[in-house]
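These notes concern the structure reproduced below.
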Amino acid sequence: MAVMALKCPDIEVVVVDVSRPRIDAWNGDHLPIFEPGLAEVVKARRGKNLFFTADVERHVADADIVFVSVNTPTKTRGLGAGKAVDLAYWESAARMVADVSHSGKVVVEKSTVPVRTAEAIEKILAHNGHGVEFQVLSNPEFLAEGTAVGDLLCPDRVLIGGRDSAAGRNAVQTLRDVYARWVPVDRIITTNLWSAELSKLAANAFLAQRVSSVNAISALCEATGADVTEVARAVGKDPRIGGRFLDAGVGFGGSCFQKDTLSLVYACECSGLPEAAGYWRQVVAMNDYQKSRFVRRVVSSMFNTVAGKKVAVLGFAFKKGTGDTRESPAIDVCRGLLGERAHVSVYDPMVSEEQIQRDLAPAAAPAKARSRVAVARDAYEAARGAHGVCILTEWDEFRALDYRRIHGGMEKPAFVFDGRNVVDAGELREMGFVVYCVGKPLDEWLSHMPAAA
Ligand code: UDX
């Protein structure tokens, strides 16, 4: 919305949220999320044509277009628990829009939703009691965290789905005109509602599947002596495959890949397509395998026990460039290590101690876990006295650390488990480290340890 305000100075953009503290943060000096370049955009337009307010109903009532961007988490209980999307926030937002509107509006699905959600939304909006007409559009967001501002300024595509009626086409045109102020028209794709809704799930499932595919190959590389970086490079040179998004690692994280792939699984199941559901389910299963395989590798390398040993964890965010930890593989890896009774010392340049402790505290015994989780101010502090270092986020600063200094302060043998393939393994081995890199030929040392598969 901030980028839209930047690119459309004649449009008034009002961001509303029921959480007053969050709105206060958006109006203050410290924005509630870290996203490179976003603060500059917000500051450029705030108070001019970009406003943040908790006065939700008044501003929704006044609007011509309402973008609904509420949370759509995975259901934790009831029908479809663990796979289906919880639309409770969406439903209450739609009911509120219906209640307060005295003029027609275009209601835009910005949150990622299951295919055919628009139909349910239309039914709720139809009961508004003021005789107001609504048009529901699907306009999924394809930005990635850490590059959000650039992705929005220069999107690969903008997707708008709407009803194939005169009013529907009109609504699509209205939204198209907004984006056309800065996006070349050949990048604005218009489709029917269901195609737009499904395309977002499909895009994320394809991306997740690519990462799971290269991670599956990484396991085979370790077993055979092939190098996954070399394989990915050779494979990616085929333009039909392409070289991007083929980095093997400790597994994908983030708020979208797992949730959207599971939502696709659920949609297939509900449509009576168990084979299609099973195909996509395996993408998530492969990701779980990659995370637990990493933990097993750490434990088996360190003489099959990490109990009472300090393990440094460098990086906790689900990728570099963000402080977001949602579904971060670091959470599962740390939980796995804590389950083996290790002491973990975590350092991440963008994630707060409270967040790390919250993510790692088991619901049952939070205090107990806290006693074995420390949060360090830098990588050197995290690694001091540790038996092993696990790199779980590809922050650039981890490439440039003084590993000789780190080695000097560690217990011996000193291990580095590089879950993101950021270090120069050869150099580290010369310093005396035992090094594991995902999908790379194993050290003499590691290849003699019991199989971690
Ligand atoms: C993703 C999609 O890219 C975006 O289009 C969509 O709108 C939202 O979901 P995001 O979750 O921000 O964006 O991150 P992304 O860059 O896609 O990375 C997701 C995860 O995959 C990260 O944990 C990342 O480390 C991992 N990944 C990515 C790999 O392990 N290897 C790769 O080659 C690429």
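The values are calculated or read from the model by the stated rules, or taken from the named source; none is laboratory data. In this text the structure is predicted, and so the values were computed from the model without any measurement. Here the Cβ positions follow ideal geometry from the backbone for every residue, glycine too, while neighbour counts run over all protein chains shown. Each accessible area value is taken on the protein alone, full model and side chains, heavy atoms only, with ligands, DNA and RNA left out. Shrake-Rupley method; radii C 1.70, N 1.55, O 1.52, S 1.80 Å.
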All aspartates and glutamates inside 13 Å of residue 310 as judged from Cα atoms, apart from same-chain residues fewer than 8 positions distant: 340, 381, 411
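Pull out the extension gain between residue 445 and residue 79, defined as 0.36 nm times the separation in residues minus the alpha carbon to alpha carbon distance; nm, one decimal.
126.9 nm
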Violating pairs (Cα-Cα greater than 26 angstrom) within the set 83/110; 75/110; 7/83: 7/83
Positive dipole terminus of the stretch 2-200, leading residue within 11, 68, 78 (C-beta point charges): 78
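What does the charge count near residue 229 come to, summing +1 for each Lys or Arg and -1 for each Asp or Glu among other residues with Cβ under 9 Å from its Cβ?
Neighbourhood net charge equals -1.
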Distance (nanometres) between label positions extended 7 Å along Cα→Cβ at residue 100 and residue 412: 6.7 nm
Spin-label model distance (nm) - residue 91 vs residue 164, 7 Å beyond Cα toward Cβ: 3.0 nm
Cα-centre dipole for the stretch 208-292 with unit charges at Cβ (Lys and Arg positive, Asp and Glu negative), debye to 20: 220 debye
Label-to-label distance, nm, for residues given as residue 381 and residue 123 (7 Å Cα→Cβ offset): 5.5 nm
For a label point 7 Å along the Cα-to-beta-carbon line of residue 186, residues of the stretch 128-159 with backbone N under 18 Å: 154-159
Of all accessible heavy-atom area on the stretch 54-165, the percent that carbon and sulfur account for (1.4 Å): 51 percent
Those lysines that a straight Cα-Cα span of less than 19 Å connects to residue 291, excepting residues fewer than 8 apart in one chain: 259, 319, 320, 440
Cβ-Cβ FRET estimate between residue 61 and residue 429, R0 fixed at 51 Å, reported to 0.05: 0.20
Cut-off 15 Å between beta-carbons: net charge of the residues surrounding residue 432, Lys and Arg +1, Asp and Glu -1: -3
The chain - charge dipole about Cα centre, Lys and Arg +1 at Cβ, Asp and Glu -1, debye rounded to 20: 720 debye
Debye-sum result for the chain in log10 I(q)/I(0), which assumes one identical scatterer on each alpha carbon, at q = 0.09, 0.11, 0.14 Å⁻¹: -0.67, -0.96, -1.35
Which of 25, 195, 214, positive extreme of dipole for the chain (C-beta unit charges): 214
Neighbour net charge for residue 35 - beta-carbon separation under 11 angstrom, K R +1, D E -1: -4
Where only alpha carbons of the stretch 215-298 are counted, the Rg and the Dmax (Å): 14.9, 43
Charged-residue dipole, Cβ positions (Lys, Arg, Asp, Glu), the stretch 2-200 about Cα centre, Debye nearest 20: 220 debye
Cross-link reach list, aspartates and glutamates versus residue 200, counting only Cα pairs under 12 Å and skipping chain neighbours closer than eight places: 109, 141, 260
Residue-normalised accessible area of the stretch 82-175, given per residue in Å² at a 1.4 Å probe: 44 Å²
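Please say if the stretch 50-169 is rounded, prolate or oblate, where rounded means a/c under 1.5 for a ≥ b ≥ c the square roots of the C-alpha gyration tensor eigenvalues, and otherwise the choice is prolate for a/b larger than b/c and oblate otherwise?
rounded
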